[in-house]
Amino acid sequence: MFLNTNFPKAKKYWYEGKFYDWSEGGCHPTMHALHYGSCVFEGIRAYSTAKGPAVFRLPEHNDRLLLSGGVLKMKVPYTKEQITETIKQTIRENRLDSCYIRPLLFFSYGNLGLVPKACPVELAVFAWEWAAYLGENAAKGVHAYIIPSRRVHHTQFNMAAKLGGVYVQSTIAGLEAREKGYDEAIFLNMEGRIAEGPGQNVFIVKGRTLFTNGRLESALEGITRTSLLEIGADLGYKTVVGPITKADFFGADEAFYCGTAVEVIPITEVIDGSDTTAPPTTHTIGTGRPGPVARQLIKAFNEAVTGRDPRYEKWLTYVGK
């Protein structure tokens, strides 16, 4: 029996052409993805709008899901259009107005050699109500911990893909930060510059300029990140994509995480634990409180995803009845 305690309002999930009750499930323990992380996924959100639930940037998410499948050498048995309709159908089936959505493509049961030559590629889609990723108080600003471990390098993996197995590094980082009493982790890249959070991009603010980095800095170029670059430019800010040093970060007027799950969350304090030979150092970002730029972007982003700013309605896919 699988309870939905940590998946509010989740009633059913879609798996290989059929809906199942959330409490119903089972998989063979030798399925390939369970052993090797041979899966790809997306994190997507739908928001309540005046026209009903709408999925934010669904085409872009599905494009990346299929790109990720290609990177993992999957022969995906579903088209983009089929995945789109399945996601919309899953939201309707669960009668959700707003939700987090997780489509998962994975190598299933067949063989357990590293090469999944006998394992079919299967698809499952889940949706549930998920509010503040870092907790209800995160909007007041979070304390981030720069961990000693470096982010996987962009020469090792295609940083445009969301590969399930790679995220074990993110899990370890998130656990390490929380064990030490901080809200979330930050990775440096192999070059010692800011990379990203375990599942979030990082922005810093200097005056009227927004800075973030890209895949050559060992960061996933997230869809929320891309959206904020456009929103920020529309608000009159200069936007710069390039390397961010630790000194840039510590000296910023503001900093924030962004991503589908976390949305936009200010970073008000950073603890640098990246050097294991020295004690961690603490750095207050700006005033130590959420700044005016982050607050303005949070408001603008919320208006975009809920359909209240017509400039960004192009990003919404309405679910329908």
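The values are calculated or read from the model by the stated rules, or taken from the named source; none is laboratory data. Model, not experiment: these values are computed from the prediction. FYI the Cβ positions are ideal-geometry reconstructions off the backbone, even for glycines, and counts take in every protein chain you see.
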- Message: Name the single residue that is surrounded by the fewest Cβ atoms within 10 Å (Cβ to Cβ) among those in region 2-54 being without any contact (Cβ under 8 Å) to a residue 12 or more places away in the chain and polar (S, T, N, Q).
- Response: Thr5
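Please find, among Lys88, Lys80, the residue that is under 28 Å from Tyr20 (Cβ atoms), basic (Lys, Arg) and either surrounded by 17 or more Cβ atoms within 10 Å (Cβ to Cβ) or touching a strand residue (DSSP E or B) at 6+ places or on another chain (Cβ under 6 Å) (or both). Quick ask: steps written out before the conclusion?
Working: Lys80 fails: either surrounded by 17 or more Cβ atoms within 10 Å (Cβ to Cβ) or touching a strand residue (DSSP E or B) at 6+ places or on another chain (Cβ under 6 Å) (or both).
Exactly one residue qualifies, and that residue is Lys88.
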- Do any residues in region 173-189 that are over 15 Å from Arg151 (Cα atoms) and of a type in the set (Lys, Arg) have Cβ atoms under 9 Å from those of residues that are part of a loop (DSSP other than H, G, I, E, B) and at pLDDT 95 or above, where the two are at least six apart or on different chains, and which pairs are they? Lys180/Gly273; Lys180/Pro280
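Go through region 132-157 and give me each residue that's outside any strand (DSSP E or B), more than 23 Å from Tyr100 (Cβ to Cβ) and more than 16 Å from the chain's Cα centre (by Cα).
Filtering region 132-157 for residues outside any strand (DSSP E or B) gives 132-141, 151-157.
If we keep only those that are more than 23 Å from Tyr100 (Cβ to Cβ) too, we end up with 151-157.
If the condition is that a residue be outside any strand (DSSP E or B), more than 23 Å from Tyr100 (Cβ to Cβ) and more than 16 Å from the chain's Cα centre (by Cα), then Val152, His153, His154, Thr155, Gln156, Phe157 are the ones that fit.
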- Restricted to region 88-106 and to residues being out of contact with any Gly (no Cβ under 7 Å at 6 or more places or on another chain) and among the aliphatic types (A, V, I, L, M), the residue farthest from Ser68 (Cα to Cα) is Leu96
- Please go through region 214-232 and pick out each residue that is assigned to a helix (DSSP H, G or I) and either in contact with a helix residue (DSSP H, G or I) (Cβ under 9 Å, 6 or more places away or on another chain) or not assigned by TED's automatic domain parsing to the domain that holds Pro243 (or both). Ile223, Thr224, Thr226, Ser227, Leu228, Glu230, Ile231, Gly232
- Item | So Lys80, is it among the basic types (Lys, Arg) and closer than 15 Å to Ala33 by Cα | no
- Message: Among the residues that make up region 21-36, is at least one of them touching a helix residue (DSSP H, G or I) at 6+ places or on another chain (Cβ under 9 Å) and closer than 27 Å to Asp309 by Cα?
- Response: no
